[in-house]
Amino acid sequence: MSIQAEFYKSFANISQMEDVKSMPQIAFVGRSNAGKSSLLNMLTNRRGLAITSQKAGRTRLINFFEIKNEYYFVDLPGYGYSSASKGTTQGWGEAIAEYLVNSKHLRLVFILLDIRHDPSQLDVAMLHFLQSHSIPFRILATKCDKLSRAQSHNHRQKLASFLGLGIADIILTSAQNRQGRQDVFDILEQTLV
Ligand code: GDP
């Protein structure tokens, strides 16, 4: 099922977002290479939607995609590249922190984690940051096609206990075989009522 998705605009920081329409925002964060662009393309059924924005040199910017004229997907810059995070307090950049704390329309954050790897210190710091600011979030475990079903469920359980979360907080996804797509939209439906 295809959904209407259009690249809207890129922003360097929240002060540039004044003219953004008053629609709910769903943000996606994760380390560089976690699979964020691929997942956004899979969710929207728009091959190249997120990658197109990267090609235009927008990887360090906050990219907005308008979905079904109802809400925005907000693609936050991947963290973990030392050059991008040097000199900042949180390690993922002031612009991201400022956006997460101050965006009035932010409704949910998806933290992307590669199912095969233990979360990095930055991933854990991001989770704690969201918890400390009472920002609702879920974990999207990415690239689950790389593991067997049993392994994925095993890793999911480990991830949940490592992060102190419930199993339901962690959604298994794959951009390759589209696993988890319906789960994500079910969560969005609950979130956006
Ligand atoms: P980003 O830096 O977080 O935007 O990550 P990308 O979407 O660019 O993906 C990083 C790498 O992981 C690329 O080589 C992708 O092809 C690969 N990748 C992303 N998602 C999946 C997935 O669901 N399955 C598999 N097998 N590879 C994936």
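Just how much of HIS153 is accessible, in Å², when a 1.4 Å probe is used and the result is rounded to the nearest 10?
Ignoring ligands and nucleic acids, HIS153 comes out at about 80 Å².
What does the C-alpha gyration tensor say about the overall shape of the chain? Classify as rounded when a/c is under 1.5, otherwise prolate if a/b is larger than b/c, or oblate.
Details: a/c = 1.45, a/b = 1.18, b/c = 1.23.
It comes out rounded by the Cα gyration axes.
Relative to a virtual label point 7 Å from the Cα of HIS153 in the Cα→beta-carbon direction, which members of the stretch 170-190 show backbone nitrogen distances below 16 Å?
170-173, 180
Could you tell me what percent of the accessible area of the chain is made up of carbon and sulfur, with a 1.4 Å probe and every protein chain present?
C and S fraction of accessible area: 46 percent.
Nearest 20 debye, what's the magnitude of the dipole of the stretch 5-191 about its Cα centre given +1 on Lys and Arg Cβ and -1 on Asp and Glu Cβ? Let's see the in-between values first.
Values: 22 positive and 16 negative charges, 118 e Å.
Approximately 560 debye in magnitude.
Once a ≥ b ≥ c are taken as the square roots of the eigenvalues of the Cα gyration tensor of the stretch 113-193, is the result rounded (a/c under 1.5), prolate (a/b larger than b/c) or oblate (a/b not larger than b/c)?
On the way: a/c = 1.95, a/b = 1.14, b/c = 1.71.
Oblate.
Where the centre of each part is set by its Cα atoms, how far does the stretch 122-158 sit from the stretch 1-39, in angstrom?
Centre-to-centre (Cα) distance: 20 Å.
Enumerate the amide H contacts of LYS9 below 5 Å, restricted to partners 5 or more residues apart or on another chain; note that Pro and chain-start residues carry no placed amide H.
Those qualifying (amide H under 5 Å, at least 5 residues apart or on another chain) are PHE64.
Students often get this wrong, so check it: of LYS68/LYS158; LYS68/LYS104; LYS36/LYS158, which have C-alpha atoms separated by over 32 Å?
Beyond 32 Å between Cα atoms: LYS68/LYS158.
Of the residues GLN179, GLN16, GLN151, which exhibits the maximal mean-square fluctuation in a Gaussian network model of the chain defined by a 10 Å Cα contact cut-off?
Result: GLN16 has the largest fluctuation of those listed.
Run the helix sum for the chain: -39,500 (n - 2.57) per DSSP H stretch of 4+ residues, divided by residue count, reported at 222 nm to the nearest 500 deg cm²/dmol.
Using -39500 (n - 2.57) per qualifying helix, the result is -10000 deg cm²/dmol.
With the chain treated as a Gaussian network of Cα nodes joined by springs under 10 Å, which of ALA12, ALA168, ALA150 yields the largest mean-square fluctuation?
ALA150
Below 8 Å, C-alpha to C-alpha, sequence gap of six or more: please give me the relative contact order for the chain in percent.
23 percent
Extension gain ARG47-LEU165, at 0.36 nm per residue separation less the Cα-Cα distance, in nm?
The ARG47-LEU165 span can extend by a further 39.3 nm.
The values are calculated or read from the model by the stated rules, or taken from the named source; none is laboratory data. Note that the structure is a prediction, hence the values are computed from the model and not measured. A quick note on method: Cβ atoms are made from the backbone with ideal geometry, for glycine too, and the neighbour counts reach across all protein chains shown. These accessible areas exclude ligands, DNA and RNA; they are computed on the full protein's heavy atoms, side chains included. Shrake-Rupley method; radii C 1.70, N 1.55, O 1.52, S 1.80 Å.
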